Amino acid sequence: MALESLANLHRIGQLKSEPRDGPEFERLLKMAKTRLLDAQLKNLSSEGRFNSAYSAAHAAALAALRWHGYRSENRFTVFQCLAHTINWPPHKWRVLDAAHQKRNLAEYEGYWDIEESAIVELCELLPQLIAATEKLKSTT
């Protein structure tokens, strides 16, 4: 069902088909881990910590999508596809969607209203996302 859902998203133009690239997958996971560490640095601004956590989430989610042979130009779609790439329940990927909305407000409208609790929530969720994405390697 998950692969069928990804194929349907490809069919309607939400995803692009692109062969899996093992080194790219590993680079994205490494980036996710590094950005998570950055997000946990207390001497960074809240903006810097949030941006690092958000970047970590996007890198890990994109790695999961790339593992399945797809790519998206839409970050929201990358997060939404976690339901299909790693079988994540909505209550988890919606946290990433909320972060995406906050990131867009900051980036495109200069509106910065990030609570510490949002950063903490992302940092607590990220190890689960990274681990679930890494687990894909055992499904070769």
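The values are calculated or read from the model by the stated rules, or taken from the named source; none is laboratory data. All of these numbers come straight from a predicted model, not from anything done at the bench. Reconstructed Cβ throughout: ideal geometry from the backbone, glycine too, with neighbour counts over all protein chains shown.
Brief remarks follow.
- Per-region count, the range 82-94, residues under 23 Å from Lys30 (Cβ atoms), without any contact (Cβ under 8 Å) to a residue 60 or more places away in the chain and not hydrophobic (A, V, I, L, M, F, W, C): 1
- Candidate set from the range 90-132 (those that are polar (S, T, N, Q) and more than 12 Å from the chain's Cα centre (by Cα)); member that is nearest to Phe76 (Cα to Cα): Gln101
- Selection status of Glu109, modelled with pLDDT of 95 or more, of a type in the set (D, E, K, R), out of contact with any Ser or Thr (no Cβ under 8 Å at 6 or more places or on another chain) and farther than 20 Å from Arg27 by Cα: no
- Residue within the range 37-45 that is assigned to a loop (DSSP other than H, G, I, E, B), among the hydroxyl-bearing types (Ser, Thr, Tyr), more than 13 Å from the chain's Cα centre (by Cα) and modelled with pLDDT under 90 present: no
- Looking across the range 47-62 at every residue that is crowded, with 23+ Cβ neighbours inside 10 Å and under 8 Å from the mean Cα position of the chain (by Cα), the one that is nearest to Arg35 (Cα to Cα) is identified as Ala56.
- Among residues of the range 112-134, those that are part of a helix (DSSP H, G or I) and surrounded by 12 or more Cβ atoms within 10 Å (Cβ to Cβ), counted: 15
- If you check Ile130, Ile86, Ile119, Ile114 for being under 21 Å from Lys33 (Cβ atoms), in contact with a Phe, Trp or Tyr (Cβ under 6 Å, 6 or more places away or on another chain) and among the β-branched types (Val, Ile, Thr), only one passes: Ile119.
- Check on Phe79, touching a residue at least 24 places away in the same chain (Cβ under 8 Å) and in a helix (DSSP H, G or I): no
- Residue count for the range 67-76, restricted to those that are more than 16 Å from Ile130 (Cα to Cα) and either in a helix (DSSP H, G or I) or among the β-branched types (Val, Ile, Thr) (or both): 2
- Hits in the range 5-46 (condition: exposed (fewer than 15 other Cβ atoms within 10 Å of the Cβ), farther than 17 Å from Lys135 by Cα, among the charged types (D, E, K, R) and out of contact with any His (no Cβ under 9 Å at 6 or more places or on another chain)): Arg11, Glu18, Lys42
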